[in-house]
Amino acid sequence: MSSEQTDTRTRILKATWHLMEQRHGLGVKMSDIASAAGISRQAVYLHFATRTELMIATVNYVDEIKGLNERLNQLKQARNGAELLDACVDVWGNYIPEIYGLAKALMMTRDTDEATAAAWNGSMACLREVCQDIIDTLDRENQLASEWPKTQAVELFMTLISIQNWEQLTTECGWSTTQYVTRMKTLLRHTFVKRPAQLSI
């Protein structure tokens with residue numbers, strides 16, 4: 001791909017990102033994106049065959065700009081499942097505020113827009129993989145709390161760290177990012193990590 005093509009592609013992705021945030025995902029048409037990027041509608045389709053492809057690419061672009069892969073390297077430093085749990089909350093809890101504008105736009109439109117639904121579902125599938133890996137690690141180490149079947153543990157994990165719950169705690173309740181991360185770590189450890197057996201006297 002030539003540098004000119006790359007520059008055009010980047011302009012399209014930036015325009016999509018900013019329009020999605022500005023309009024909360026509502027009424028963002030390919031023609032609007034083309035106009036914001038300073039190109040024709042046909043030129044947008046030369047780079048992205050469908051609106052769904054564009055929305056998925058935009059999410060991936062934002063993840064790239066925000067350095068998500070580099071942040072996820074923090075998880076590789078964890079020595080066990082409990083530390084992996086903490087690392088996940090550190091990364092995710094600090095990442096949500098940075099991508100909240102786009103995430104909110106996807107959440108608001110996914111029920112009526114198949115393109116944004118595909119982008120949202122792709123992101124959530126990646127998050128679920130991380131949650132699954134953490135629960136699997138705890139289970140392999142025999143550290144998963146005994147009351148939790150793995151599937152239900154993953155489902156609850158996903159729900160507890162959902163953007164909707166983060167939104168409620170930070171936007172509605174006024175928690176800071178530090179409070180969210182610290183308290184979520186405590187909650188998740190108490191919920192999923194087996195507690196040491198107490199010695200009888």
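Here, each number is a calculation from the coordinates, and none is a lab measurement. Values in this document were obtained by computation on a predicted structure and should not be read as measured data. In this analysis, Cβ positions are derived from the backbone assuming ideal geometry, glycine residues included, and neighbour counts consider all displayed protein chains.
A compact table of results
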item: Prolate/oblate/rounded label for the chain (Cα gyration tensor, a/c 1.5); result: prolate
item: Mean ellipticity per residue at 222 nm, deg cm²/dmol - from DSSP H runs of n ≥ 4 across the chain, formula -39500 (n - 2.57); result: -24000 deg cm²/dmol
item: Under-5 Å amide H pairs with LEU144, H placed in peptide plane, nonlocal only; result: ASP139, LYS194
item: Rounded tilt (10° steps) of 150-160 against the dominant C-alpha axis of the chain; result: 60 degrees
item: Net length gained if the chain between THR151 and ARG41 were fully extended (0.36 nm per residue, minus Cα distance); result: 35.2 nm
item: Sequence-separation-based contact order of segment 67-192, relative, with Cα cut under 8 Å and 6+ spacing, percent; result: 30 percent
item: Sequence of ASP90, ASP7 once ranked by neighbouring C-beta atoms within 10 Å, starting from the fewest; result: ASP7, ASP90
item: The chain: most fluctuating residue of ILE65, ILE134, ILE96 per GNM, C-alpha cutoff 10 Å; result: ILE65
item: Rounded if a/c under 1.5, otherwise prolate or oblate - segment 49-123, Cα gyration tensor axes; result: prolate
item: Sequence of TYR61, TYR180 once ranked by neighbouring C-beta atoms within 10 Å, starting from the fewest; result: TYR61, TYR180
item: Relative packing of peptides 140-146, 26-32, 52-58 - highest average C-beta neighbours within 10 Å first; result: 52-58, 26-32, 140-146
item: C-alpha long axis of helix 81-109 to longest principal axis of the chain, angle in °; result: 30 degrees
item: When segment 1-78 is reduced to its Cα atoms, the Kirkwood hydrodynamic radius in Å; result: 13.4 Å
item: Centre separation in Å (Cα based) which lies between segment 73-133 and segment 17-46; result: 25 Å
item: Exceeding the 30 Å Cα-Cα cut-off - candidates LYS76/LYS150; LYS104/LYS194; LYS66/LYS194; LYS14/LYS185; LYS66/LYS185; LYS29/LYS66; result: LYS104/LYS194; LYS66/LYS194; LYS14/LYS185
